Amino acid sequence: MNIPNTNLPRIVVIGGGFAGIALAKSLKNKRVQVVLIDKHNYHTFQPLLYQVATGGLEAGSIAYPIRKVVQEYQNFYFRLGFVNEIDTQNQKVKADIGELRYDYLVLATGSKTNFFGNKEIERNSVAMKTIPQSLNIRSLILENFEQALLTNDIHDRHSLINFVLVGGGPTGVELAGALAEMKKAILPKDYPDLDVRKMQINLIQSSDRILDSMSEKSSQEAEDFLINLGVNVWKNVRVTGYDGITVTTNTDLTFNSATVIWTAGVQGALPSGIDSNAIIPRAERLKVNEFNQVEGYDNIFAIGDIAAMLSEQNPKGHPMMAQPAMQQGKWLGENIVKKINKQPLKPFVYNDKGSMATIGRNKAVVDLPKFHFSGVFAWFVWIFVHLFSLIGFKNKAVVLTNWIYNYIRLDREGRLIIRPFKKKDVTSFVADEV
C-alpha cells in the first residue's frame, strides 16, 4: 500500500464511519502512524439517508471527503480499498489493494443490512445503508410513478404505488413519514393525471410497537403521527417472503407491491480472519472487553456497530447507533496512546444522551435520560442535533438551506432520476452502472 516504514507504532483503522472518524480525530498528531482504510473515500452521515431517498437532500450534502478530514494530521494515511481478511498471526490486513502490517488494529467496519438468512427477500427488496442504495430507492420510487402513468392494468398501477417498509425502527419510521409528506404535498402536483390518493404506505413491525428501542410514550406518539399522515402501521406482523410482486407474512396479510424497502435489522460487517469464539452468531458482532479489545487479542480492537461490549446493564451490547460509536472512537484513541506508553487503560463508560426520531414536518419524538417531549419543539431539537453532527460547514449550510426551502415551499427538488434503477425481471432489481 506504499505506506512508509517508521519507528512509530502503526495503527491500522478499518472503516471511516462515525467510530473511525472519531478515532482519527482522537489520534490527531500523536506520536503514532495511522492508516485509515475504507471502501469509500467519503464519510456518510447515515441518519439522513432517508432524505436522500425521498428527494429532500442531495447525496453530496450528507457526505464528506475522508481525506479532507485528515489532510492536516501528521503521519496519517488514507487508502481506498476493501479489506477481505485479517491475518492475526502475522499481524497483517489483506485488502484488494494489497497487504499491510499493523502493530495495533482497530475494526470500525460498521454494520450491514440483516435479512436474517432470507435470500428471496434479500434478492427482491432494497436496503438503505449507503448513499448508492438511497439513490437507487429515490430512482425506483420516481420510476414507479412514471410507469404507473403508462399502465392500463389497475392492479399493476396499484402495485407500483404501493410501498412496503419492513422494520419500525427510526429508519423505517422516518422514511414512512417522508413518503407520506411526498404523497400529501408533492406527488399530486407532479402527477396530476394519476390518482395519488391510491398510494399506500405500509409500515410493518414484527414486535408490538414501533420505535421499540425508545420509550412507550414515544412509540405511541410516533404511531399516532404516522396514522394521521395516512401511513398504515402493522404491528406483530413478520414478513416471511417477497417474490418481487407479493409480500407474504406470518399472518393472513399479503401485500402486492413493486417496492419493498427493508429496514428490519442490521448485523456487523465483519472481515474474515477473527477467531469464531470472539464472534456473536447471527449478529456478527465482536465480543470486546471494557477497553474495546476483541476477546482473545491484545492488540486488536473493535468500536462502533461491530463491537458488542456485553455487561449486566447491556446484555446485548451498546445500541448500534452513532453516539456509542463516536464515544468509543474518542475513548479508544486515548487508550491506545496509554497502552503504547505502558499506562493503565481506562474502561469505557457510555454516556447515553438520549434518542430521537422525526416523523415529518413539525413532528418528532425525543427521549432524554430524564425528559421526554414531542411535537414541534422536539422537531427543532432533532434539526439542531443533526445539523451540529454533520461534518463540514458547507454541508451544514447546504442542509439547513434545503430544510428551510422545503419547509416554506412544501417542496423537495431533489426528486431526480440521475442513476436509473430498473427491474431486470419480475423477481430482481439491478442498478444501472454509472
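The values are calculated or read from the model by the stated rules, or taken from the named source; none is laboratory data. Values in this document were obtained by computation on a predicted structure and should not be read as measured data. Cβ: placed from backbone, ideal geometry, glycine included. Neighbour counts: every protein chain shown. To get the accessible areas, we keep the full protein, side chains included, count just its heavy atoms, and leave off ligands, DNA and RNA. Shrake-Rupley method; radii C 1.70, N 1.55, O 1.52, S 1.80 Å.
Restricting the search to the range 56-77, which residues are of a type in the set (Gly, Ala, Ser) and open to solvent by 30 Å² or more (accessible area, probe 1.4 Å)?
Answer for the range 56-77, where residues must be of a type in the set (Gly, Ala, Ser) and open to solvent by 30 Å² or more (accessible area, probe 1.4 Å): just Gly60.
Could you figure out which of (1) over 30 Å from Asp275 (Cβ atoms); (2) buried (at least 18 other Cβ atoms within 10 Å of the Cβ) isn't true of Tyr102?
Single failed check for Tyr102: (1).
Name every residue in the range 1-38 that is among the aliphatic types (A, V, I, L, M) and either free of Cβ contacts under 8 Å to residues at least 12 places away in the same chain or not in a strand (DSSP E or B) (or both), in order of residue number.
As a first pass, look at the range 1-38 and keep what is among the aliphatic types (A, V, I, L, M): 1, 3, 8, 11-14, 19, 21-24, 27, 32, 34-37.
The answer is Met1, Ile3, Leu8, Ala19, Ile21, Ala22, Leu23, Ala24, Leu27, Val32.
Give me the pairs: first residue in the range 319-338 and within 19 Å of Ala283 (Cα to Cα), second residue surrounded by fewer than 24 Cβ atoms within 10 Å (Cβ to Cβ) and hydroxyl-bearing (Ser, Thr, Tyr), beta-carbon distance under 6 Å, and six or more apart or on different chains, which are they?
Hits for this filter: Met320/Ser111; Pro324/Tyr350.
Which one is nearest to Ala283 (Cα to Cα), of the residues in the range 250-269 that are crowded, with 19+ Cβ neighbours inside 10 Å and of a type in the set (Ser, Thr, Tyr)?
Thr263
Might you let me know whether the range 206-216 holds any residue that is more than 26 Å from Pro369 (Cα to Cα), surrounded by fewer than 23 Cβ atoms within 10 Å (Cβ to Cβ) and without any contact (Cβ under 8 Å) to a residue 40 or more places away in the chain?
Quick first cut of the range 206-216, residues more than 26 Å from Pro369 (Cα to Cα) only: 206.
This time we only want the ones that are surrounded by fewer than 23 Cβ atoms within 10 Å (Cβ to Cβ), so: 206.
Then keep just the ones that are without any contact (Cβ under 8 Å) to a residue 40 or more places away in the chain; that gives none.
No, the range 206-216 contains no residue that is more than 26 Å from Pro369 (Cα to Cα), surrounded by fewer than 23 Cβ atoms within 10 Å (Cβ to Cβ) and without any contact (Cβ under 8 Å) to a residue 40 or more places away in the chain.
Does the range 120-168 hold any residues that are farther than 14 Å from Gly244 by Cα and among the aromatic types (Phe, Trp, Tyr), and which are they?
Phe145
Output the residues belonging to the range 182-192 that are among the charged types (D, E, K, R) and crowded, with 17+ Cβ neighbours inside 10 Å.
Within the range 182-192, the subset among the charged types (D, E, K, R) is 183-184, 189-190.
Passing the criteria: only Lys183.
Got a number for residues in the range 349-392 being farther than 25 Å from Trp331 by Cα, modelled with pLDDT under 95 and exposed (fewer than 14 other Cβ atoms within 10 Å of the Cβ)?
Count: 1.
Check whether at least one residue in the range 71-81 is modelled with pLDDT of 95 or more and touching a helix residue (DSSP H, G or I) at 6+ places or on another chain (Cβ under 6 Å), and report yes or no.
yes
Among the residues in the range 201-218, are any within 26 Å of Lys119 (Cα to Cα), part of a helix (DSSP H, G or I), polar (S, T, N, Q) and in contact with a helix residue (DSSP H, G or I) (Cβ under 9 Å, 6 or more places away or on another chain)?
No: the range 201-218 contains no residue that is within 26 Å of Lys119 (Cα to Cα), part of a helix (DSSP H, G or I), polar (S, T, N, Q) and in contact with a helix residue (DSSP H, G or I) (Cβ under 9 Å, 6 or more places away or on another chain).
Within the range 40-55, work out how many residues are part of a loop (DSSP other than H, G, I, E, B) and open to solvent by less than 60 Å² (accessible area, probe 1.4 Å).
If we filter the range 40-55 for residues that are part of a loop (DSSP other than H, G, I, E, B), which is where we start, we get 40-41, 45, 54-55.
Next, only the ones that are open to solvent by less than 60 Å² (accessible area, probe 1.4 Å) stay: 40, 45, 54-55.
Of the residues in that region, 4 qualify.
Where in the range 126-181 are there helices (runs of 4 or more DSSP H), lying wholly inside it, with at least 2 residues that are within 28 Å of Ser61 (Cβ to Cβ) and open to solvent by 20 Å² or more (accessible area, probe 1.4 Å)?
Numbers: elements: 131-150, 154-160, 170-181.
Result: 131-150, 170-181.
Return yes when Asp305 is modelled with pLDDT of 95 or more and within 20 Å of the chain's Cα centre (by Cα) and no when it is not. Full working, then the answer.
Details: modelled with pLDDT of 95 or more: yes; within 20 Å of the chain's Cα centre (by Cα): yes.
It is true that Asp305 is modelled with pLDDT of 95 or more and within 20 Å of the chain's Cα centre (by Cα).
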